[in-house]
Amino acid sequence: MAQVRLDKVTKIYDGNVLAVDEFTLDIQDKEFLVLVGPSGCGKSTTLRMIAGLEEISGGDLYIGDRRVNDVAPKDRDIAMVFQNYALYPHMSVFDNMSFALRLRRVSKAEIKKQVESAADILGIHELLQRKPRQLSGGQRQRVAMGRAIVRDPKVFLFDEPLSNLDAKLRVQMRVELGRLHARLETTVIYVTHDQVEAMTLADRIVVMKDGVVQQVGTPMDLFHTPTNAFVGGFIGSPSMNFLTADVKSEGDQITLTGNGFKFILDDERSAAVRTSGDSQIQFGLRPLHVVPGEPGQAQFSARVDVIEPMGVEAFYHFNVGDAAVVGRAEGGARCKVGDTVQFGVDYDGLHLFSADGTKRLNA
């Protein structure tokens, strides 16, 4: 396996369209790294530059100690699994998986050994003589992964491999991908727009927006300390709630006021807001920190518009002023739609950002 290093890697398309802006990162040997972000953020373009399918406009790309900017894809010792599987429809599963080995003129005995070993790992041994049209979506994806495994590459690249699968199968394949990574001990770079996939699979996550890296960290780093409002809103389900507040100084403490709320901050958060010097800020609260019927460190009352019962928990939707907010109740719904409910807010989950959301204020 190998380390992958990107040093100010940039992609500019015709018409001076900037797709990826100076992407810099060291990806460690055997690491499972996930690139995540909304459509058009540059994550797939970054992956394709690593694969050699897109020309690099600027910067340097290394796989191991080798600079590969001008190295052909077939010579980079990587394997890529695509969203659409990219299987040859006229070939059997065995022939699809063995195709790259046959191009290398590997012996028939060694091809059979490697294909059957990969098929056993993926549980598709009984499918080896079938054609792709005879397979389900999940089976086709396993074949595509098997084709990558038999090449024994230094780096595996996955471009939204689960997006064509139904919800239940996606969960199953996520688990299988995690097991596969642990078994093969490979370097994996994985692209998805699904933050649940990112949170459950990644050793580290790269969040991108408009071609720019917003934050790199472990799933829990991004969940608990997002560097800006975009990351806070993108990571976590349901999404983080955001409200805009005016900053008022009352003695040693700071008060955040807005339409429908007034929060008196503790010393630590007061100091963070005072240091920023902002007269208005944006703050975020995850639904798990907005709890109906709990005293909390701050409170507000609101009329419940929608309740989503989820079995062991329920999500309450309501408005605070002009802002839509979601709260969470453990154990299921405790009220009905139309009720006015007192919600408690846990300050440990209060994320303070600059008014434009680009900078985090509290530690």
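The values are calculated or read from the model by the stated rules, or taken from the named source; none is laboratory data. The structure displayed is predicted, hence computed values, not measured ones. Positions of Cβ are backbone-derived with ideal geometry, glycine not excepted, and every protein chain shown enters the neighbour counts.
Based on this model, can you work out whether residue 288 counts as within 29 Å of the chain's Cα centre (by Cα), modelled with pLDDT of 90 or more and more than 17 Å from residue 362 (Cβ to Cβ)? When the stated conditions are applied, residue 288 passes them.
State whether the residues of region 83-97 include one that is free of Cβ contacts under 8 Å to residues at least 24 places away in the same chain, farther than 26 Å from residue 138 by Cα and not polar (S, T, N, Q). Scanning region 83-97, I find no residue that is free of Cβ contacts under 8 Å to residues at least 24 places away in the same chain, farther than 26 Å from residue 138 by Cα and not polar (S, T, N, Q), so the answer is no. Only one of the numbered conditions (1) in contact with a helix residue (DSSP H, G or I) (Cβ under 8 Å, 6 or more places away or on another chain); (2) at pLDDT 95 or above; (3) more than 29 Å from residue 11 (Cβ to Cβ); (4) surrounded by fewer than 19 Cβ atoms within 10 Å (Cβ to Cβ) is not met by residue 209, and that is (3). Filtered by the rule that a residue be closer than 13 Å to residue 302 by Cα, surrounded by 17 or more Cβ atoms within 10 Å (Cβ to Cβ) and among the aliphatic types (A, V, I, L, M), region 332-344 gives a lone residue, 341. Screening residue 24 with (1) modelled with pLDDT of 95 or more; (2) over 22 Å from the mean Cα position of the chain (by Cα) gives one miss only, at (2). Taken over region 266-319, the residue count meeting the criterion of being out of contact with any helix residue (DSSP H, G or I) (no Cβ under 9 Å at 6 or more places or on another chain), touching a residue at least 24 places away in the same chain (Cβ under 8 Å) and of a type in the set (Ser, Thr, Tyr) is 4. Quick check on this structure: which one of 164, 96 is of a type outside the set (A, V, I, L, M, F, W, C) and within 23 Å of residue 200 (Cβ to Cβ)? Among 164, 96, only 164 is of a type outside the set (A, V, I, L, M, F, W, C) and within 23 Å of residue 200 (Cβ to Cβ). For region 196-206, the criterion of a residue being touching an Asp or Glu at 6+ places or on another chain (Cβ under 8 Å), surrounded by fewer than 17 Cβ atoms within 10 Å (Cβ to Cβ) and over 24 Å from residue 362 (Cβ atoms) is satisfied by at least one position.
When 323, 314 are checked against the criterion of being closer than 26 Å to residue 276 by Cα, of a type in the set (Gly, Ala, Ser) and at pLDDT 90 or above, a single residue qualifies: 323. Report whether or not residue 173 is modelled with pLDDT under 85, under 22 Å from residue 115 (Cα atoms) and surrounded by 20 or more Cβ atoms within 10 Å (Cβ to Cβ). Spelling it out, residue 173 is indeed modelled with pLDDT under 85, under 22 Å from residue 115 (Cα atoms) and surrounded by 20 or more Cβ atoms within 10 Å (Cβ to Cβ). Residue check: is residue 50 touching a residue at least 24 places away in the same chain (Cβ under 8 Å), in a loop (DSSP other than H, G, I, E, B) and surrounded by 15 or more Cβ atoms within 10 Å (Cβ to Cβ)? When the stated conditions are applied, residue 50 does not pass them. Restricting attention to region 140-152, does a residue exist that is assigned to a loop (DSSP other than H, G, I, E, B) and exposed (fewer than 14 other Cβ atoms within 10 Å of the Cβ)? Looking for residues that are assigned to a loop (DSSP other than H, G, I, E, B) and exposed (fewer than 14 other Cβ atoms within 10 Å of the Cβ), one finds none in region 140-152, hence no.
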